[in-house]
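Since every read-out is calculated from the coordinates, none of them should be taken as a lab result. As the structure is a computational prediction, the values presented were derived from the model and not from experiment. Glycine gets a Cβ as well: all are built from the backbone with ideal geometry, and neighbour counts include every protein chain shown.
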Amino acid sequence: MIILTKFLGLHPTLPLAELEAVFQAEKIDYWLIETFENYAVHGVKKFKPKKLGERLALTHAIFEILSDITSADAEQLVEKAKIKGIRLPYTVKIEKIGKGMDIDYQRFLKEVADEVWRKLEKDGIKPSVDLNNPATEFWVFVGEDFVILTRKLVEVDKKQFTERAPPNRPFFLPISMDPRIARAIVNLTRIKRGKKFLDPCCGSGGLLLEAASIGCRVYGVDIDEKMVEGSVRNLKHYGFYGSVKKGDCRKLEKIFNKRNYFDGIATDFPYGRSTRKQNAKMYEECLKSMERVLKPLSYMVIVAHEEIRPKSKNLILVELHRQRVHRNLVRYIHVFRKMKK
Ligand SMILES: C[S@@+](CC[C@H](N)C(=O)[O-])C[C@H]1O[C@@H](n2cnc3c(N)ncnc32)[C@H](O)[C@@H]1O
């Protein structure tokens, strides 16, 4: 199946990285065909749209491509598409990509809708349309030199992120991350439902909340008792359970009395008032400890306000994203993979 993903446009590189990390977590075979504007086209096998809709944060919706042509020819567009077996009633919508084509969009939309009707009738199906409550949404995307007919497979549930926005939590910090970015960071660990997720500097628990909401077992550590209590309150408030302990992120193997234990780790490092040198030392010690408690071949995502390079040759940097939060704050989102034990 060939799919078209429309991203929310919140970041230039994170949405595609999140999507492909979730493909990997959900064991979907995929290959990237092309990207343009806020869209990506992939080939996929063993695709589970519902699961993706539940997990993704930076995607708007995913569509199956039914046909694609180079001019605004409704008859040809629908003729090439396989629409037998779709659920009824249906509706057809249209969207311009970039500059689009110089056409009358409403007229073209009507022509495509009529062609769909005709094709269904020809196939012996009694067509029915419902603009407000359709079982199938066809979407026509018109670019400068292409027209694509698609059907929507899934739309990401965005309401949940508003519900978990920091001001709606019982406890939050001014530095707390937007839940959509927090969810994308959790997704970059490629962790699977039911597996163990750790945030060793969990603060108010923004990453723990997102990991819990995709069904992970969550573990948090923070040096500050207030944060430990706050994270637990936040998790409870949304009906989740997590094990959150007061402790030092440099001593994780002692805190948990385990090595090679967690399936995914993500953290937002403290942006201390300490000097650069003190920070670098603290980061290095924490990375060493995280590496020890992470299972081999698993991923850890480190958010820091500078680029970091662990000394360990066993941690491979697989991705680096840069996010400008405001004038004086840039987040560097690193994805590392632990290789052997
Ligand atoms: C940037 S905040 C994390 C924010 C968090 N992502 C949130 O959503 O609220 C960093 C956290 O690291 C904690 N911290 C600082 N030094 C630590 C250490 N040595 N071990 C564990 N936690 C530490 C701080 O108390 C702070 O809560």
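Numbers for the structure displayed
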| item | result |
| --- | --- |
| Rounded to whole Hz, the Karplus (6.51, -1.76, 1.60) HN-Hα couplings of the stretch 89-102, x for glycine and proline | x, 10, 9, 10, 10, 9, 9, 8, 10, x, 7, x, 10, 8 |
| For the chain, built as a Gaussian network whose Cα springs stay under 10 Å, the top-fluctuating residue of V325, V147, V221 | V325 |
| Whole-Hz couplings from phi, Karplus 6.51/-1.76/1.60, listed for the stretch 107-120; x for Gly and Pro | 5, 5, 4, 5, 4, 5, 4, 5, 5, 4, 4, 4, 5, 5 |
| Share, in percent, of DSSP beta bridges within the stretch 159-338 that are antiparallel, nearest 5 | 50 |
| Residue-averaged [θ]222 nm for the chain, counting only DSSP H segments that reach four residues, each worth -39500 (n - 2.57) | -9000 deg cm²/dmol |
| Positive-end extreme of charge dipole, the stretch 115-258 - chosen from L235, F256, L198 (charges on Cβ) | F256 |
| Positive-end extreme of charge dipole, the chain - chosen from Y219, A17, T5 (charges on Cβ) | Y219 |
| GNM flexibility winner over the chain from T70, T136, T267 (Cα, springs under 10 Å) | T70 |
| Set K45/K99; K50/K82; K27/K251 screened for pairs whose C-alpha atoms are more than 27 Å apart | K45/K99; K27/K251 |
| HN-Hα J in Hz across the stretch 124-131 - Karplus 6.51, -1.76, 1.60, θ = phi - 60°, x for Gly and Pro | x, 9, 7, x, 8, 10, 9, 6 |
| Ordering of 11-17, 118-124 by burial proxy (mean other Cβ atoms within 10 Å per residue, highest first) | 11-17, 118-124 |
| Linear extension gain, R309 paired with K99, 0.36 nm per residue minus alpha-carbon span | 71.5 nm |
| The stretch 268-341: GluC sites (Glu not before Pro) in DSSP loop, at most 11 other beta carbons within 10 Å | E307 |
| Size of electric dipole in the stretch 145-292: Cβ of Lys, Arg +1 and of Asp, Glu -1, about Cα centre, debye, nearest 20 | 380 |
| Listed residues K27, K48, K277, most fluctuating in the chain (Gaussian network, C-alpha, under 10 Å) | K277 |
| Paramagnetic reach from D123 (point 7 Å along Cα→Cβ, amide N under 18 Å) across the stretch 38-79 | 63-69, 74-79 |
